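Have a look at the structure below before the remarks.
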Amino acid sequence: MIIRHSEKELIALSKQFKAVAVTGPRQSGKTTLVKKVFPDKPYVNLENPDTRRFAIEDPRGFLNSYPEGVILDEVQRVPDIFSYLQQMLDESKQKGKFILTGSNNFLLQENISQSLAGRVAYLFLLPLSYGEIGDYSNINGLLLKGCYPAIYSSDTNHIKFFQNYIRTYVERDVRLIRNISDLYTFEKFLHLLAGRTGQLLNMSSLSNDVGVDVKTIGSWINVLETSFIVFRLRPYHENFNKRVVKMPKLYFCDTGLACRLLGIENETQLATHPLRGSLFENAVVIDFLKRRYNAGKESNLYFWRDNTGNEIDMLLVNIDKKTPVEIKSSQTISGDFFKGIQFWNKLSDSEGGYIVYGGDTMQKRSNGITAIPFQKMGEIDE
């Protein structure tokens, strides 16, 4: 069994809070994680019709059946239960009493924010990190297959997995979240969005291509981000000059899903695809995000670009330092790779930085910038 790096943080949260909600995209491994970390705690799946009927008709009696606490999976299926959970949490001193999970994160978070705000700790669980997979030998294979646990734990065919994943997400989750009636147009939107991975998110352009208004595009993007399907990398706004780009960049939370939406079926197609470099960049950015989430931290990831084309692909922003990271899919280091970081360092009066690239040799240059292979990017402090 793959060891999830978030296990330690989940245990820590359960010792500090009376309830913990584990959220993330469908099939990211939430149920497997909580059942492994809390093997002695009863597990109840509210997808079960009989169990759900009991919880709906008598929520107090249902919760009283588990005086020492319980894992409640798909808890968003019983919205009224959150008010009763609030009362029980207020009356109890027991830490880690309730562990909540669900595959529809929009509805789960909405119910928690309405009834349990301040009482529940969150842990965001994305699909596997590359450190959890543990095999970096085939970059194209990783990009193509993505990182969902089922693909690695049961040798599930990645094409069939994502075909069913997209169908389930679009036909079930999206309809529940926003009552989107035109599913054909929404699917078209998903495919067009995949073609923009790693690019600035221009919603006006996307609106024209999809054939819906900008407000609708904004609403759909919010749905995808709340569902952990996409991630918007925000621009860093500190005004070293006033010509910085203020649009976010868009990435998919899993490159395998992006590849499926792009129609890429094998490594040969991926190797020559015009978006291969963008998918590589996507993979690096999201792996850094996973490291933050697995440690119970919020994202500290940004990018920086001015309107003359100077750019830093990813900026790791902490109180004491800002670390620039350039991302290049090439297997060979070029002198041009260093220009963006050198410009940034001069502008911000700083030094150092990293270039994550597709080769296998680490180089620390005299200018303080380190070129680090994809398989060793975990050595960069996030």
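The table that follows gives values for the structure above.
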quantity	calculated
Test: residue in segment 89-99 that is touching a Lys or Arg at 6+ places or on another chain (Cβ under 8 Å), surrounded by fewer than 22 Cβ atoms within 10 Å (Cβ to Cβ), at pLDDT 90 or above and closer than 30 Å to Ser154 by Cα	no
Complete set of residues in segment 191-244 that are of a type in the set (Asp, Glu) and closer than 27 Å to Arg175 by Cα	Asp209, Asp213, Glu225
Subset tally (residues that are under 20 Å from the mean Cα position of the chain (by Cα) and part of a loop (DSSP other than H, G, I, E, B)) for segment 249-274	2
Any hit, segment 224-231, residues being over 16 Å from Asp306 (Cβ atoms), in contact with a Gly (Cβ under 7 Å, 6 or more places away or on another chain) and either assigned to a loop (DSSP other than H, G, I, E, B) or modelled with pLDDT under 95 (or both)	yes
Residue within segment 326-339 that is buried (at least 22 other Cβ atoms within 10 Å of the Cβ) and either over 20 Å from Tyr136 (Cα atoms) or touching a Leu at 6+ places or on another chain (Cβ under 9 Å) (or both) present	no
Considering residues of segment 109-132 that are closer than 16 Å to Thr23 by Cα, of a type outside the set (Val, Ile, Thr) and not in a loop (DSSP other than H, G, I, E, B) only, the residue nearest to the chain's Cα centre (by Cα)	Phe124
Qualifying positions in segment 276-301 - within 12 Å of Phe231 (Cβ to Cβ) and aromatic (Phe, Trp, Tyr)	Phe288, Tyr293
Residue list for segment 334-349, restricted to those being of a type in the set (S, T, N, Q) and within 19 Å of Glu281 (Cα to Cα)	Ser334
Test for Thr308: is it surrounded by fewer than 17 Cβ atoms within 10 Å (Cβ to Cβ), within 22 Å of Ala194 (Cβ to Cβ) and among the polar types (S, T, N, Q)	no
Selection status of Glu351, touching a residue at least 12 places away in the same chain (Cβ under 8 Å), part of a strand (DSSP E or B) and either of a type in the set (D, E, K, R) or outside the structural domain of Pro373 (by TED's automatic domain parsing) (or both)	no
Lone unmet requirement of (1) surrounded by fewer than 20 Cβ atoms within 10 Å (Cβ to Cβ); (2) part of a helix (DSSP H, G or I); (3) not assigned by TED's automatic domain parsing to the domain that holds Phe374 for Lys246	(2)
Unique match (being within 27 Å of Asn222 (Cα to Cα), loosely packed, with under 15 Cβ neighbours inside 10 Å and either in contact (Cβ under 8 Å) with a residue 40 or more places away in the chain or in contact with a Lys or Arg (Cβ under 9 Å, 6 or more places away or on another chain) (or both)) among Glu68, Glu74, Glu47	Glu47
Conditions (1) over 20 Å from Ser14 (Cβ atoms); (2) surrounded by fewer than 13 Cβ atoms within 10 Å (Cβ to Cβ); (3) at pLDDT below 90; number of the one not met by Ala117	(1)
Top-ranked residue of segment 191-221 - restricted to ones that are of a type in the set (Gly, Ala, Ser) and touching a residue at least 12 places away in the same chain (Cβ under 8 Å), ranked as surrounded by the most Cβ atoms within 10 Å (Cβ to Cβ)	Ala194
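Per-residue answers, yes or no, for (1) on the phi > 0 side of the Ramachandran plot; (2) more than 16 Å from the chain's Cα centre (by Cα); (3) surrounded by 16 or more Cβ atoms within 10 Å (Cβ to Cβ); (4) of a type in the set (Phe, Trp, Tyr):
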| residue | (1), (2), (3), (4) |
| --- | --- |
| Gly134 | yes, yes, no, no |
| Ile139 | no, yes, yes, no |
| Leu143 | no, no, yes, no |
| Ile151 | no, yes, yes, no |
| Asp155 | yes, yes, no, no |
| His158 | no, yes, yes, no |
| Asn164 | no, yes, no, no |
| Tyr169 | no, no, yes, yes |
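The values are calculated or read from the model by the stated rules, or taken from the named source; none is laboratory data. Computed from a prediction, not measured in an experiment: that's the story for all the values here. All Cβ positions, glycine included, derive from the backbone under ideal geometry; neighbour counts span all protein chains shown.
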